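**Q** Mind having a look at this structure? Questions to follow.
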Amino acid sequence: MIRLVIAVDGYSSCGKSTFAKAIAKELNHLYIDSGAMCRAVTLYGIRNSIVDKQEIQTDKLIEVLDSIEIDFKKNDGDVYETYLNGENIENEIRGVMVSECVSNVSKIREVRSKLVILQRGFARNKGVVMDGRDIGTVVFPDADMKIFMTAKPEIRAKRRFDELTEKGLHVDFQEIMKNIEERDIIDSTRKESPLRKADDAIVLDNSYMTPDEQMIWFKNIISKHLAK
Ligand code: DC
């Protein structure tokens, strides 16, 4: 059985987690959503009145970092869900409040250092696909394979718009587009571990690809990798 460490990085809303989950399933590997880990820390901060939209009490958040335990467990449908101190928080971390605060929490160096230790722990026995922003550059610079995902901003905005509309939410396309462009800027210009393509990452631009086509693309590159 193969046991690889595969890093999947890229911009917001370009389908990283759908793709990373699919390849983890294909390889029978563990899937770790590192964005969910940032969201879990953010939720802990919000619940303890340390984080809100206006302000983050950075010193207090750093002080309580040791009280935060994050884990992933498979649910009945074989999908990994996020746990904070033993509680399933998978749905709560996708909410608006966490989404609005998470970029600023993710900028804090001490938060990132804690998460990197946990992320490396998940890969102790290899056999992991992890998605995020700095997985190929900082967390696993020696990953067996690095994939950098991108898609045109207007296509990412359209996908996000369709996803939210399908959930029955009334959203404005231009607002979503603006939010995606802002997050691209925050993620790629921040001081700590900015989003950038690792020199040895393979680029996957999925602007005009279906999930099935992405899987064909992956099977092609993994078979070349294994044949090396
Ligand atoms: O992938 P996502 O949208 O759930 O990520 C949420 C936030 O976490 C996003 O603003 C960037 C940040 N993040 C990060 O800084 N480093 C990672 N490895 C993953 C996510």
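**Q** Would you be able to say whether some residue in segment 162-184 is within 13 Å of the ligand (Cβ to nearest atom) and under 24 Å from residue 23 (Cα atoms)?
**A** Within segment 162-184, one or more residues are within 13 Å of the ligand (Cβ to nearest atom) and under 24 Å from residue 23 (Cα atoms).
**Q** Right, here's the next one. Do you know which of the residues in segment 200-228 that are in a loop (DSSP other than H, G, I, E, B) and out of contact with any strand residue (DSSP E or B) (no Cβ under 9 Å at 6 or more places or on another chain) is farthest from residue 1 (Cα to Cα)?
**A** Filtering segment 200-228 for residues that are in a loop (DSSP other than H, G, I, E, B) and out of contact with any strand residue (DSSP E or B) (no Cβ under 9 Å at 6 or more places or on another chain), the one farthest from residue 1 (Cα to Cα) comes out as 208.
**Q** Could you tell me which of the residues 15, 95, 10, 77 is at pLDDT 95 or above and either small (Gly, Ala, Ser) or touching a helix residue (DSSP H, G or I) at 6+ places or on another chain (Cβ under 8 Å) (or both)?
**A** Just a single option satisfies the conditions, and that option is 10.
**Q** I would also like to ask the following. Anything in segment 129-142 that is among the hydrophobic types (A, V, I, L, M, F, W, C) and either surrounded by fewer than 24 Cβ atoms within 10 Å (Cβ to Cβ) or modelled with pLDDT under 95 (or both)? List them, or say none.
**A** 138, 140
**Q** Still on this model: Look through 17, 34 and report the one residue that is surrounded by 21 or more Cβ atoms within 10 Å (Cβ to Cβ), touching a residue at least 24 places away in the same chain (Cβ under 8 Å) and of a type in the set (S, T, N, Q).
**A** Unique residue meeting the criteria: 34.
**Q** Another question, if that's okay. If residue 115 passes every condition in (1) surrounded by fewer than 21 Cβ atoms within 10 Å (Cβ to Cβ); (2) near the ligand (Cβ under 8 Å from one of its atoms); (3) hydrophobic (A, V, I, L, M, F, W, C) but one, which one does it miss?
**A** For residue 115, the exception is condition (1).
The values are calculated or read from the model by the stated rules, or taken from the named source; none is laboratory data. Here the structure is a predicted model, which means the values were calculated and not measured. Backbone-built Cβ (ideal geometry, glycine too); neighbour counts: all protein chains shown.
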